[in-house]
Each structure stands twice: as C-alpha cells, then as structure tokens.
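Only one structure is covered here, and it is reproduced in the block below.
Each value in this text was obtained by applying a stated rule to the coordinates, not by laboratory testing. All of these numbers come straight from a predicted model, not from anything done at the bench. Cβ placement follows ideal geometry from the backbone for every residue including glycine, while neighbour counts extend to all protein chains displayed.
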Amino acid sequence: MALMFLSADDPPEAWREALRVSIPDLDFRIWPEVGDPAEIDLALVWQPPPGELARYPNLRAILSLGAGIDGLLAQPGLPDVPIARMVDPSLTRTMTEYVLLATLRHHRHFDRFERAQRAARWSFALPPQAADRRVGVMGLGVLGSAAAASLASQGFPVAGWSREARQLAGIESFAGQAGLAAFLARTDILVCLLPLTRDTAGILNAGTLAGLARGAYLINVARGAHLVEADLIAALDSGQLEGATLDVFREEPPSPDHPLWCHPKVLITPHVASYASPRTAALGVAENIRRARENRPLLHQVDRNRGY
Ligand code: NDP
Ligand code: OXD
C-alpha cells in the first residue's frame, strides 16, 4: 500500500514530512517515480495528466490537493472511487486575503491610480465609504462564506448567491436562478467563488455582467471557464464594468497575444489566489488516508452527480 503524490505546483518533500508526523510509516511515492502501479492505493493529486489515474488498478480513493475538483471529474478513465476535495484553514485564509485585497484595491481606486501614475497624471478621486459599496459573492461555500464574512467586517454591505438560501450573520442571501437578477442588481463588486459545474460554466457572461450596477468590478477567483472572456472585454470597453481582477483562465497561462494581458482595466494574477499549506492541511489528508484504508466515508467527499 503506497500513496502517490502528483502535483507540479505543491512541494512534495514538505507534504511527505507533514504527513509522516501523523502516519510515520506512510509509503509516500512522488510521481512519476511510483514503482509498481498495483501498489498504489491512494492518490494525492493536483492536475494529473489526462488518463493518468486510470493506470492504478488498486486505487481506493483520490485526495485532491485543490478545493475545486472540476479537473478531476473531467479526467478520462477516472476510477470509480471516492474523491475528497481540499478544505483547510490555510486555503480559506489565503483566499480571504486575496478577495479582501482585490476588493479594497478596486474600492480605494488603486487600479485607477496605477494607470494614472503610468501616465504621470494626478488623478484626484475620493472613494465612496465602504458602507456605500455593495459586494456580492457568488458561491457561499467554505471559501465564499469566509470571504463574505471578512468583507462584511470591513463595513461593506455583502450579499451571497448560492443554490440553496444560506443563513450567515450579516450577509444577505440570494438563491437559485430566481434570486440571481436581484443579487446582481444590488452588486458593485462581484466576486466569483463558485465551483465549475455544468450549471455554472459560462455564468459570467454578457447577460450577467449587464445585470450588475453600472461601473461595477469583477473578481474571478473560481475557474476560467466561468467567464466568457469576450463578454468581459466588451463590458469593460463599454464602461458597464470599471475593472476586473482575474486569477483563473480558460487556458492557463493565457496565450501571449491574449487581449486580457494588456487591457488597462484588468489585473491578472497567475492562479495564486489561495493554496493549502502542508503544515495544516496534512492533518485532514492523514485522516482521510486512515478513513480510506478502513473503508470509512471520507471527509469532504465530493458528490459526483452534483459536481462539487
Ligand atoms: P464549496 O463547495 O464549499 O461551495 C460552493 C458554493 O457554490 C456553495 O455555496 C454552492 O451552493 C454554490 N453553488 C454551486 N453550484 C451553484 C449553482 N448552480 N448556483 C448557485 N450556487 C451554486 O466550494 P469552495 O468554497 O471550497 O470552493 C469554491 C471554488 O473556488 C472551487 O470549486 C474552485 O473552483 C475555486 N478555488 C480557486 C482557487 C484559486 O486559487 N483561484 C483556490 C481554491 C478554490 P450551496 O451552498 O447551495 O450548495
Ligand atoms: C483549487 C485551486 O481549486 O487552487 O484549490 O484552484
């Protein structure tokens, strides 16, 4: 029985050390040096190459190093075993930091000042008070609800949109298709923290962006395929949107000639909004290793039908 670690973005040695604190005799193999595929019973992965997971005949479970599992569910030949997604305080904290930073940057006009400075222009403009800037968070799950709470603590009027109505202190709740138009209409800064599913793909489109208050901002930290990029560019160019912060893209990295790279109203970050630190996240992963090997339900097990 061995665990395969496969990720180009996460540090294998730090994960090995952190997991061995809880499971000292863990046989931890770093892809591609995994030995006999039949000995692998667990896969701890982020963005495996297409088809790779089908090579391990005795896999018991897949443990995702990411919160979003859309990429795993799209894997050809994905084994029919339980999948657990990443839920961890370090992941939540880093996402909250990013969303707060991006919101405050737009709210306090730093995006405009950056443009003005490049043109040696003194661009005096006072921002509204936080109480007059309405933030809307699409997705009120683990990450969305934490970000929403943090934004509300800064004084922003915050609303969230989810499938089912949620009761969260200080957050106005909108739910389902029936609640979407009203949610958008009261939103000046829109944060997308939805999972990518068949229902949410392309949800940030011309219609959605037109439904926002004029001069709104978009912060997409979920998945690139939520956004119809041409519709965003049109909304920015028409003035319907004042700016956008984008951490995720349909193609990562976007091609060098992609128009978003040099759009003056867009800030691009390279899919770094949040990450799980092995120091804290290894505890939950170790628990799931034990659960999988004892045939018990996993923590944060994904509902494949729901898609998240
Ligand atoms: P959760 O599964 O905890 O929350 C998902 C939320 O989205 C829930 O509130 C859910 O509603 C809502 N939702 C799902 N489908 C719909 C729908 N059709 N209509 C309305 N609401 C919907 O996910 P997390 O908060 O943990 O993560 C969210 C996403 O963030 C991940 O899937 C990933 O794509 C992205 N992410 C990006 C990172 C980055 O670095 N850029 C890092 C980590 C995650 P309900 O509450 O009713 O179920
Ligand atoms: C995730 C991500 O889903 O980093 O965790 O995108």
ask   = Where Rh is the Kirkwood radius over the Cα pairs of the stretch 161-252, the temperature 10 °C and the viscosity 1.306 mPa s, what D in µm²/s does Stokes-Einstein return?
value = 118
query = Rounded, prolate or oblate: which fits the stretch 1-91 when a ≥ b ≥ c are the square roots of the eigenvalues of the alpha-carbon gyration tensor, with rounded for a/c under 1.5 and prolate only if a/b beats b/c?
reply = oblate
ask   = For the chain, what is the calculated [θ] at 222 nm in deg cm²/dmol (nearest 500), taking -39500 (n - 2.57) for each run of four or more DSSP H residues and dividing by its residue count?
value = -9500 deg cm²/dmol
inquiry  = Whole percent per 5 Å bin, from 0 to the bin with the longest distance: what is P(r) over all C-alpha pairs of the stretch 205-299?
reply    = 3, 12, 19, 17, 11, 8, 7, 8, 8, 5, 2, 0
message = Can you give me the distance in nm between label points at Leu283 and Asp25, each placed 7 Å from the Cα along the Cα-to-Cβ direction?
response = 2.5
ask   = Once you list every other residue whose beta carbon is under 12 Å from the beta carbon of Ala292, what net charge do they have if Lys and Arg are +1 and Asp and Glu are -1?
value = +2
request  = Filter the GluC sites (Glu not before Pro) in the stretch 233-308 down to the DSSP loop ones having no more than 11 other Cβ atoms within 10 Å, then list what survives.
outcome  = Glu251, Glu294
ask   = Which order, highest average first, do 136-143, 197-204 follow once you tally other Cβ atoms within 10 Å for each residue and take the mean per peptide?
value = 136-143, 197-204
query = Among the helices of the chain (complete DSSP H runs), which have Cα atoms covering no less than 24 Å along the helix axis and a Kyte-Doolittle mean of at least 0.0?
reply = none
ask   = Name the residues of the stretch 98-135 whose amide N is less than 18 Å from a point 7 angstrom out from the Cα of Ser153 along the C-beta direction?
value = 98-105, 130-131, 135
query = Which stretch or stretches of the stretch 226-248 have amide N atoms under 16 Å from the point lying 7 Å from Ala119's Cα along the Cα→Cβ direction?
reply = 237-239, 242-243
message = Compute for the stretch 84-148: radius of gyration divided by Kirkwood radius, i.e. Rg/Rh, restricted to C-alpha atoms, rounded to two decimals.
response = 1.12
ask   = So in the chain, what percent of DSSP beta bridges are antiparallel if you round to the nearest 5?
value = 5
query = Once the Cα gyration tensor of the chain is diagonalised, what are the square roots of 5 times its eigenvalues, in whole Å and ordered largest first, as equivalent ellipsoid semi-axes?
reply = 38, 20, 18
request  = Please list the equivalent ellipsoid semi-axes of the stretch 50-198, computed as the square roots of five times the alpha-carbon gyration tensor eigenvalues, in descending order and whole angstrom.
outcome  = 36, 20, 14
Contact order relative to length of the chain, as percent, for alpha carbon pairs under 8 angstrom and 6 or more apart = 18
query = Taking every pair of alpha-carbon atoms in the stretch 49-132, what share in percent sits in each 5 Å bin, from 0 to the bin with the longest distance?
reply = 3, 12, 14, 13, 9, 9, 9, 8, 8, 7, 5, 3, 1
ask   = If eta is 1.567 mPa s and T is 4 °C, what Stokes-Einstein diffusion coefficient results for the stretch 171-219, Kirkwood Rh from Cα pairs, in µm²/s?
value = 114
remark   = Amide H contacts under 5 Å for Glu172, restricted to residues at least 5 apart in sequence or on another chain and with H modeled in the peptide plane, are Val158, Ala159, Gly160
ask   = What is the distance in Å between the Cα centres of the stretch 111-186 and the stretch 188-204?
value = 14
ask   = So which trypsin sites (Lys or Arg not before Pro) in the stretch 248-288 end up in coil per DSSP with only 16 or fewer other C-beta atoms within 10 Å?
value = Arg250
